[in-house]
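Working notes for the structure below.
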Amino acid sequence: MKIRTLALTATLFACTATAAFGQGFSDKDKSFLKESTQDNMAEVKMAELALKTTKNPKIRSFAEKMVTDHNALLAGAKPVAAKAGVEPPKTDGFEANADYLKLKVLTGETFDKSYVKTMVSDHHSDLDKIKQENAATSNPDMKKLTTHAATVVAGHTKMVDALAGSMGLQ
C-alpha cells in the first residue's frame, strides 16, 4: 500500500511539474520571446560596432544607451523565458548578422547614416511587434514584460527619429 501511495504521489508530482513548466504561455508568446531576444542581442552588437566606428558624439551617446537598455531588456526577459521553457538563442540571428555585416564594412558618414537608418527601421518594427504581443497575450508575465519593453523601445524610437531628422535622413 505504501509503495502504491508513493508511486501515485510521484506520478502526481511529475504531472504537476510538467504542467507548470511553460504554463500559460502560448506558442506566440514563446516565439516572441525567442525573436525579441535575438533582436535585443542584435541591437547590442550593432551598437557596440557603432561605438568602435563612429566619431559622431550624438551617435555614440545613442549607441551607449542601446547597449545599456537592450542588455537590461535581455536580463529582464531571461526569467520570463525560463518560466516559459524557452531556451535563449545563442546568436543574434541571420537578419541581424546581415545588417551587422553590411554595417561592418562602412566607415565615416556612410556608416553613420546607414546605422541610423537601420536603427530607425529596427525600432519602429520592434515597437510594432511588442505592441502586437502585448495586445495578444493573456499571460501576466508577458504583459508586464511587453509593457516595459514598449516604454523603453518607444523612447529609443523617439530618440533615433530625432537623430535621423538632425542628420537630414527623414
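The values are calculated or read from the model by the stated rules, or taken from the named source; none is laboratory data. Note that the structure is predicted; figures quoted are calculated from it, not measured. Cβ placement follows ideal geometry from the backbone for every residue including glycine, while neighbour counts extend to all protein chains displayed.
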Flagged in region 65-80 as surrounded by 20 or more Cβ atoms within 10 Å (Cβ to Cβ) and either in contact with a Lys or Arg (Cβ under 6 Å, 6 or more places away or on another chain) or of a type in the set (Gly, Ala, Ser) (or both), in numbering order, are ALA77
Being at pLDDT below 95 and closer than 18 Å to LEU74 by Cα is the filter here, so list the residues in region 13-43 that pass it. LYS34, GLU35, SER36, THR37, GLN38, ASP39, ASN40, MET41, ALA42, GLU43
Select from region 80-138 the residues that are hydroxyl-bearing (Ser, Thr, Tyr) and without any contact (Cβ under 8 Å) to a residue 60 or more places away in the chain and write down the one among them that is farthest from LEU163 (Cα to Cα). THR91
Looking at (1) more than 30 Å from PRO57 (Cα to Cα); (2) within 18 Å of the chain's Cα centre (by Cα), which one does SER138 not meet, given that it meets all the others? (2)
How many residues of region 141-170 are surrounded by fewer than 16 Cβ atoms within 10 Å (Cβ to Cβ) and more than 15 Å from the chain's Cα centre (by Cα)? The answer is 7
Looking only at region 39-64, which residues are buried (at least 16 other Cβ atoms within 10 Å of the Cβ) and either without any contact (Cβ under 8 Å) to a residue 12 or more places away in the chain or over 15 Å from PHE111 (Cβ atoms) (or both)? ASP39, ASN40, MET41, ALA42, GLU43, VAL44
Within region 81-126, count every residue that is surrounded by 18 or more Cβ atoms within 10 Å (Cβ to Cβ) and under 18 Å from GLU43 (Cβ atoms). 15
Failed condition for THR146, given (1) without any contact (Cβ under 8 Å) to a residue 12 or more places away in the chain; (2) within 17 Å of LEU74 (Cβ to Cβ); (3) hydroxyl-bearing (Ser, Thr, Tyr), with all others met? (1)
